[in-house]
Amino acid sequence: MSLDSQWWRTAVVYQIYPRSFADSDGDGIGDLAGIRSRLGYLAELGVDAIWLSPFYPSPLADGGYDITDHRDVDPRLGTLEDFVALVEDAHAHQLAVIIDIVPNHTSDQHPWFLAAVAAGAGSPERERYIFRDGAGPDGEQPPSDWRSHFGGSAWQRVDGGQWYCHLFAREQPDLNWDHPQIREYFLGTLRFWADLGVDGFRIDVAHSLAKDLSEPLRSQPNLDRALPLDGTDPLYDREEVHEIYRSWRAVFDSYDPPKMAVAETWHPTTSRTYLYARPSELGQVFDFSLLKAEWGRDEFLAVIRRSLRDHQGVGGGLTWVLSSHDVPRHPSRYALPLGVTPEDWLRSNGSRPAVDPAAAQRRGRAATLLMLALPGSAYLYQGEELGLLEVADLHEDDLRDPVWERSGHALKGRDGCRVPLPWTRGGPSFGFGPGGAWLPQPAWFAAHSAEAQAAEPDSTLNLYRRALVLRRALHGDDLSLDWIDTGDPELLCFARRNGWLVVVNFSARPKPLPSGRVILASRSLDGDQLPGETTVWIVRP
Ligand code: GLC
């Protein structure tokens, strides 16, 4: 396939969570051969690229984001040869391939970490990680008040001796990015995969590699990811992190076309966030503000406006996301009454309140058509094209996300969006594979399967397919957008410069349809009325 150097700026990227996508050998775990067998489906869906979440060898303490070898494939998922074959087949289907790079931490089973523990305090092996003596007379207190994102302290003691820092699970020790060997290793890792043909990289927790490790360690007890960053935090978004990405850019640009990259940072998106997207660095950064917005016209309008403004002047790309492997699926989120958090709802196994699946679908589809019409690139998460809802009633015994244990069972975690996909109406694991599935699938998956959806003209799958064909025709690289004030506070309306008009009716009531030729609607139209909770695409000469 031939890609132009700016292809990623308008691309629709489909995120694959490999263990839950398709299983070729019946062990209940999705694999690379499974992905290969479904590339035709993805090409027909109309996406431009796939992004693979980690497929590396992993003890799975955090769903594969705990890696023991950054340059290999987990044997349960295949081999490096399978990976190369997957890239070749994807390219033959005109699909670019993006892979996940996880530079902040390794698995605690990584040979480096095992050697660091064995070698003891003060050894060069420990220098690759962040080891410190504990506080208190016998060093029995953690060295600082830093918190883990998954709950509890960010420090773990080894064998009654030193402590190591882990911003995520205990099984994910943080690497020391002041160590030149770590820097070299990741530059080499980028080249390793680029040489195997990948087209881009998604950088996990991109803003945390550079930390202020000067003594005494600074206090930061507040891990509230709702706080915007200003460059003064000891752990996140420090100026020095940008040097790392400038050195990565040199690797990306040594290929033709240059490799693309997208940064993941979970703190609120501000103009500082967009610095990661500078052309001299990663080019793109996930803007999660739309993903974090609750269903409602004013909030959607405010976040989209802010993102368009914050990204200006950087020269980097613009991204939009509604769902990922880290958050409850967007149709389910939008069906919750204002004030009910997805976490509380999951804790009640989806029973308080019970969610109306029809309302969830209406809102989810309307939001999707809104997102796909925004200028820039869009990231889809596997299964959203099937209108999948969050599997909210997973039994506690089945939960695998470390969030469940580390939060003291206060949070159910992220497994409900990671349930293996339904491909067929029946069969073992609804066509996910010839055997079972590593997380139990609910009975309602049958009606959401790709098979059932393909046969249904108005299904969510067919809506995504139509939307992606039209988007390809209409979506230029012009990033401007004109807001249109309809005078109705329940409508959100904007036009792209080529006459593409987008109207979202956030209310439950029908509204008069604006003039022009309707090319797509998230729900069947009713004569000249725009039904409630519906987005329509219109073209005007
Ligand atoms: C990112 C990933 C998430 C993972 C975490 C630690 O936020 O998206 O799934 O748990 O990093 O690697």
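Couple of notes before you dig in:
- The single condition among (1) more than 15 Å from the ligand (Cβ to nearest atom); (2) charged (D, E, K, R); (3) surrounded by 15 or more Cβ atoms within 10 Å (Cβ to Cβ) that D133 does not satisfy is (3).
- In segment 174-181, the condition of being within 22 Å of D326 (Cβ to Cβ) and outside the structural domain of Y245 (by TED's automatic domain parsing) is met by at least one residue.
- Counting only helices (runs of 4 or more DSSP H) that sit wholly inside segment 315-406, those with at least 3 residues that are more than 16 Å from the ligand (Cβ to nearest atom) are 330-334, 342-347, 357-373.
- Only one of the numbered conditions (1) assigned to a strand (DSSP E or B); (2) in the same structural domain as S271 (by TED's automatic domain parsing); (3) of a type outside the set (S, T, Y) is not met by Q156, and that is (2).
- When V102, V12 are checked against the criterion of being among the aliphatic types (A, V, I, L, M), within 23 Å of R128 (Cα to Cα) and surrounded by 18 or more Cβ atoms within 10 Å (Cβ to Cβ), a single residue qualifies: V102.
- Residues in segment 186-223 that are part of a loop (DSSP other than H, G, I, E, B) and open to solvent by 70 Å² or more (accessible area, probe 1.4 Å): E215, P216, R218, S219, P221, N222.
- Search result, residues across segment 513-528 that are modelled with pLDDT under 95 and in a strand (DSSP E or B): D526
- Considering segment 153-174, the residues that are of a type in the set (G, A, S) and either out of contact with any His (no Cβ under 7 Å at 6 or more places or on another chain) or within 12 Å of the ligand (Cβ to nearest atom) (or both) include one that is most open to solvent (accessible area, probe 1.4 Å), namely G160.
- Residue in segment 15-22 that is within 15 Å of the ligand (Cβ to nearest atom) and surrounded by fewer than 21 Cβ atoms within 10 Å (Cβ to Cβ) present: no
- Residue selected from segment 117-128 under the condition in contact (Cβ under 8 Å) with a residue 40 or more places away in the chain and farther than 19 Å from G188 by Cβ, by the criterion nearest to the chain's Cα centre (by Cα): V117
- Those helices (runs of 4 or more DSSP H) of segment 14-92 in which at least 2 residues are closer than 27 Å to P440 by Cβ and in contact (Cβ under 8 Å) with a residue 40 or more places away in the chain, considering only elements entirely within it, cover 32-37, 39-45.
- Residue in segment 479-498 that is over 21 Å from W295 (Cβ atoms), among the hydroxyl-bearing types (S, T, Y), open to solvent by less than 70 Å² (accessible area, probe 1.4 Å) and not in a strand (DSSP E or B) present: yes
- Filtering segment 59-73 to residues that are farther than 16 Å from T189 by Cα, of a type outside the set (A, V, I, L, M) and more than 11 Å from the ligand (Cβ to nearest atom) leaves only P59.
- Total residues in segment 33-58 satisfying the condition of being within 14 Å of the ligand (Cβ to nearest atom) and touching a strand residue (DSSP E or B) at 6+ places or on another chain (Cβ under 6 Å): the figure is 4.
- For V97, the stated conditions hold: it is in contact with a helix residue (DSSP H, G or I) (Cβ under 6 Å, 6 or more places away or on another chain) and closer than 30 Å to W7 by Cβ.
- Annotation note: of A473, A447, A452, the sole residue that is within 17 Å of A373 (Cα to Cα) and part of a helix (DSSP H, G or I) is A473.
- Any hit, segment 80-88, residues being open to solvent by less than 40 Å² (accessible area, probe 1.4 Å) and at positive phi: no
- Members of segment 304-314 that are open to solvent by 40 Å² or more (accessible area, probe 1.4 Å) and assigned to a loop (DSSP other than H, G, I, E, B): Q312, G313
- Considering E264, E281, E240, the condition of being of a type in the set (D, E), open to solvent by 50 Å² or more (accessible area, probe 1.4 Å) and not assigned by TED's automatic domain parsing to the domain that holds A135 is satisfied by E240 alone.
The values are calculated or read from the model by the stated rules, or taken from the named source; none is laboratory data. Here the structure is a predicted model, which is why all the values come from computation and not from measurement. No Cβ is skipped: glycine too gets one built from the backbone with ideal geometry, and neighbour counts run over all protein chains shown. What goes into the accessible areas is simple: the full protein's heavy atoms, side chains included, and nothing from ligands, DNA or RNA. Shrake-Rupley method; radii C 1.70, N 1.55, O 1.52, S 1.80 Å.
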